[in-house]
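The values are calculated or read from the model by the stated rules, or taken from the named source; none is laboratory data. It should be emphasised that the depicted structure is a prediction, and the values quoted were computed from it without experimental measurement. Cβ coordinates were reconstructed from backbone atoms using ideal geometry, including for glycine residues, and neighbour counts include every protein chain displayed. SASA here: full protein model, heavy atoms, side chains in, ligands and nucleic acids out. Shrake-Rupley method; radii C 1.70, N 1.55, O 1.52, S 1.80 Å.
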Amino acid sequence: MTSFLDRDRTVAAPGYRRWLFPPAALAVHLSIGQVYAFSVFKIPLVEHFDSSLTAIGIVFSIAIVMLGLSAAFLGTWVERSGPRKSMLAAALCWSVGFLVAAIGVASDQLWLVYLGYGFIGGIGLGIGYISPVSTLIKWFPDRPGLATGLAIMGFGGGALIASPLTTRLLETYGGGGSDGIAASFVTLGLIYLVVMTLGAFTARVPAPGWAPEGWTAPTEHHGMRTTANVTAANAIRTRSFWLLWVVLFCNVTAGIGILEQASPMIQDFFSSVDEVAAAGFVGLLSLANMTGRFVWSSTSDVIGRKRMYMGYLGIGALCYLTVAIAGTSSIALFVVLTAAILSFYGGGFATVPAYLKDLFGGLEVGAIHGRLLTAWSAAGVAGPLIVNKIADNRTAAGFEGADLYQTSLYIMVGVLVVGFLANLGIKPVDERYHEPEATATDDRVVDLRSTEGARR
Amino acid sequence: MTTTSASTARNAGQPPEDRLAAPLAILLWVVVLAALTYGVVSTLQKVVELFS
């Protein structure tokens with residue numbers, strides 16, 4: 001007996017239009033993107049638990065580590081279960097995480113916040129992040145960069161929504177102080193449960209053999225784009241997978257270097273910038289991060305994934321170098337350069353599923369994506385560590401202002417150059433890793449011949 | 001057969017979740033676009049402070 005949640009029950013009926021799937025993906029990504037706005041809760045949580053910023057920062061760190069781990073270990077399950085079951089699992093984990101964290105706040109038990117938001121919620125983040133990706137690639141085999149860019153843009157946009165919403169909730173429930181944290185957690189958890197569940201129920205996978213009208217799958221390899229399929233187990237045995245891991249790691253490390261320190265950084269570079277203006281700068285970077293995900297990922301459909309990453313990493317390195325050399329000369333120059341870096345950071349996240357599909361085919365692209373996201377977890381630790389440690393050492397040595405960041409800016413240039421070289425080394429996957437044709441007729445494969453079925 | 005009756009006939013054999021799929025997806029488009037607009041406008045208000 002098949003369950004309502006099974007993949008077989010989510011196959012789109014004839015006449016289903018593919019543009020009906022992106023809102024389901026966006027509903028999930030906009031919800032879990034709240035994690036980027038966790039900092040809004042930081043000060044209220046420090047006050048509530050009479051704790052340190054470091055102790056509260058651990059909540060976010062656990063969540064990001066769990067995101068990477070659950071995406072890596074549950075990627076194959078997500079791929080096999082289909083979008084409805086996995087999106088619902090993500091919805092339950094994410095909202096239960098908020099509710100457990102709310103109990104932790106109400107009962108003054110910080111470990112429950114670690115367990116709830118960090119551990120349980122983090123699993124929801126990992127499952128939710130990869131759950132719509134392979135389905136989007138199946139619906140948009142002709143424009144995978146645009147499709148994944150649209151969904152992953154939601155992850156960047158989630159913080160833009162959650163940040164003002166959380167501020168408003170904290171004011172409503174507790175006058176802006178720590179009294180309103182538990183109620184805010186419960187409210188957010190319930191909102192996300194409804195929105196993500198709605199997304200799960202509307203999710204549909206294309207019927208086996210479906211292809212967009214007028215589009216036929218390529219029959220020959222073209223550049224980096226393969227027509228074969230590689231399983232997740234085999235993908236991690238290839239050199240190209242690990243080179244791409246290094247590319248993502250370097251791009252994320254460099255982006256986080258700015259993102260982590262954005263507010264104090266602009267105030268140290270320009271004494272005329274106060275805290276309110278710095279908050280505007282952080283908002284601008286979030287917009288650049290979100291926009292880059294959609295614009296650059298869509299562009300990669302036209303110019304190719306490898307060239308796109310050459311731009312992210314090469315131009316990104318030049319931007320970092322210019323900030324290091326001439327960043328203090330003008331606020332406008334500083335803002336433009338850092339916004340460009342953050343747009344490349346977002347673009348790197350959004351383009352990577354399409355890059356994986358080019359290299360490994362569509363058979364298990366979601367599971368492979370999950371394994372690659374461990375690079376994010378590693379960069380989430382390395383990026384802030386580099387910037388914070390160097391800033392602390394420079395402060396101890398008597399430096400101040402922009403001089404606090406010079407060394408880390410040059411290190412980031414080096415990190416991006418390493419990523420650039422790794423990207424140059426990515427080659428089409430050797431045929432010995434390809435699946436035989438029999439497996440390639442599996443209904444999870446995207447590159448199938450055009451047949452009748454759903455329309456555009 | 002009119003468009004309505006053709007649609008009714010086509011939907012008759014479908015499970016309820018399939019009949020609701022398209023309207024729910026359209027509703028979800030409205031919800032996510034409204035939420036994104038709220039987020040972008042709120043952020044732009046802060047950005048204005050940077051240059052004012």
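Looking at this structure, is A:Phe73 modelled with pLDDT of 90 or more and open to solvent by 30 Å² or more (accessible area, probe 1.4 Å)? It would help to see each step written out before you state the result.
Working: modelled with pLDDT of 90 or more: yes; open to solvent by 30 Å² or more (accessible area, probe 1.4 Å): yes.
Spelling it out, A:Phe73 is indeed modelled with pLDDT of 90 or more and open to solvent by 30 Å² or more (accessible area, probe 1.4 Å).
Considering A:Ser31, A:Ser39, which residue is within 10 Å of chain B (Cβ to nearest Cβ), among the hydroxyl-bearing types (Ser, Thr, Tyr) and under 26 Å from A:Thr167 (Cα atoms)?
A:Ser31
Would you be able to say whether some residue in the stretch B:7-17 is within 8 Å of another protein chain (Cβ to nearest Cβ), open to solvent by less than 50 Å² (accessible area, probe 1.4 Å) and modelled with pLDDT of 70 or more?
So far as the stretch B:7-17 goes, no, none of its residues is within 8 Å of another protein chain (Cβ to nearest Cβ), open to solvent by less than 50 Å² (accessible area, probe 1.4 Å) and modelled with pLDDT of 70 or more.
Going through the stretch A:402-414 one residue at a time, which ones are aliphatic (A, V, I, L, M) and crowded, with 24+ Cβ neighbours inside 10 Å? It would help to see each step written out before you state the result.
Keep residues of the stretch A:402-414 that are aliphatic (A, V, I, L, M), which gives A:402, A:404, A:409, A:411-413.
A:Met412, the sole residue that qualifies.
Which count do you get for residues in the stretch A:41-55 that are surrounded by fewer than 20 Cβ atoms within 10 Å (Cβ to Cβ) and touching a residue at least 40 places away in the same chain (Cβ under 8 Å)?
The first filter runs over the stretch A:41-55 and keeps only residues surrounded by fewer than 20 Cβ atoms within 10 Å (Cβ to Cβ), leaving A:42-43, A:46-47, A:49-55.
Narrowing further to those that are touching a residue at least 40 places away in the same chain (Cβ under 8 Å): A:47, A:49, A:51, A:55.
Count: 4.
What is the residue count in the stretch A:335-375 for residues that are open to solvent by 10 Å² or more (accessible area, probe 1.4 Å), of a type outside the set (Val, Ile, Thr) and farther than 21 Å from A:Pro206 by Cα?
Going through the stretch A:335-375 one residue at a time, the tally reaches 6.
Grab the helices (runs of 4 or more DSSP H) fully contained in the stretch A:343-456, keeping just those with 3 or more residues being modelled with pLDDT under 90 and within 27 Å of A:Ile130 (Cα to Cα). First the steps, then the outcome.
Details: elements: A:365-372, A:374-396, A:406-424, A:437-440.
Helices (runs of 4 or more DSSP H) meeting the threshold: A:374-396, A:437-440.
So, A:Arg9, is that one open to solvent by 20 Å² or more (accessible area, probe 1.4 Å) and within 11 Å of another protein chain (Cβ to nearest Cβ) or not?
Working: open to solvent by 20 Å² or more (accessible area, probe 1.4 Å): yes; within 11 Å of another protein chain (Cβ to nearest Cβ): yes.
The answer is yes for A:Arg9.
Quick one: in the stretch A:237-279, of everything that is within 14 Å of chain B (Cβ to nearest Cβ) and among the acidic types (Asp, Glu), which residue is least open to solvent (accessible area, probe 1.4 Å)?
Result: A:Asp274.
Just to be sure I understand, how many residues within the stretch A:77-101 are open to solvent by 30 Å² or more (accessible area, probe 1.4 Å) and farther than 21 Å from A:Thr187 by Cβ?
Residues that pass the stated criteria total 3.
Does A:Ala203 satisfy the criteria of being within 14 Å of chain B (Cβ to nearest Cβ) and modelled with pLDDT under 85?
No: the conditions fail for A:Ala203.
Can you pull out the residues in the stretch A:155-207 that are basic (Lys, Arg) and crowded, with 24+ Cβ neighbours inside 10 Å?
Result: A:Arg204, single match.
If I ask for residues that are open to solvent by 80 Å² or more (accessible area, probe 1.4 Å) and at pLDDT below 85, which ones from the stretch B:34-52 would you list?
B:Lys46, B:Val48, B:Glu49, B:Phe51, B:Ser52 - these are the residues of the stretch B:34-52 that are open to solvent by 80 Å² or more (accessible area, probe 1.4 Å) and at pLDDT below 85.
In the set A:Ile137, A:Ile123, A:Ile58, A:Ile152, which member is closer than 30 Å to A:Gly347 by Cα, open to solvent by less than 10 Å² (accessible area, probe 1.4 Å) and away from every other protein chain (no Cβ under 14 Å)?
A:Ile137
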